[in-house]
Amino acid sequence: MLEQVGSLIGSPWIYAVVALSILLDVFLPVLPSGVLVITVATAAAAGSATDVPDILALTLCAATASVLGDLVAYRLAWRGGARLDRAISRSRRLTSAQERLGAALARGGGALVVLARFAPAGRSVVSLGAGAAHRRARDFLPWSALAGLTWAAYSVALGWFGAHWLGASWLATAVSVGALFGAGAGAAYVMRREPRASEAS
């Protein structure tokens, strides 16, 4: 299977599949876009696409798709009007995230956007929350770009180096995916603790 994915990595189609998966998972967080990126990077390390530009292209493709997906969600939420506001107000998680995001962006602490990119469904909550709260694009998009690039580089590096250290096998992919999920769990933990820390200060 890895060999088949590796044979496609030099084709524009694999990048299109990766980009589409990342674009859509801002609306459907269950899509395993991170797993796909890691699998493609692992396949690249298997030997059928060993040139560095292929890995760079995968990283740029994933980062660009991440930012575009954030921007689409942000614009849709911006134009969502009263119906979206009511939907957000019914969700404690969305309301809390919207308030924290607004405070973070207002004081220049958009690192929350980067953390959220790794947390499960965090990207969706932050992008929709920023749009619904009518946060300025110049405050949100630079952090979204940094988040997308950081996430893409981390995911590609996991697949690439995991394959070189453990061999281009399903074991390498599984360990790399575990590291990605571990980063997500860590990001979610930090985001949950942040409000308590700010309340205590």
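Each value in this text was obtained by applying a stated rule to the coordinates, not by laboratory testing. Model, not experiment: these values are computed from the prediction. Cβ coordinates were reconstructed from backbone atoms using ideal geometry, including for glycine residues, and neighbour counts include every protein chain displayed.
First measure r as the distance between the Cβ atoms of Leu76 and Trp13, then evaluate 1/(1 + (r/R0)^6) with R0 = 25 Å and state the FRET efficiency to the nearest 0.05.
Values: r = 27 Å, r/R0 = 1.09.
Approximately 0.35, to the nearest 0.05.
How much length would be gained if the chain were fully extended between Leu24 and Leu166, taking 0.36 nm per residue of separation minus their Cα-Cα distance, in nm to one decimal? Don't skip to the answer; put the middle values down first.
Working: separation 142, 0.36 × 142 = 51.12 nm, distance 3.09 nm.
Taking 0.36 nm per residue and subtracting the Cα distance, the gain is 48.0 nm.
Could you give the nm distance between label points at Ala111 and Ala157, where each point is 7 Å from its Cα heading toward the beta carbon?
Label-label distance for Ala111 and Ala157, simple model: 1.7 nm.
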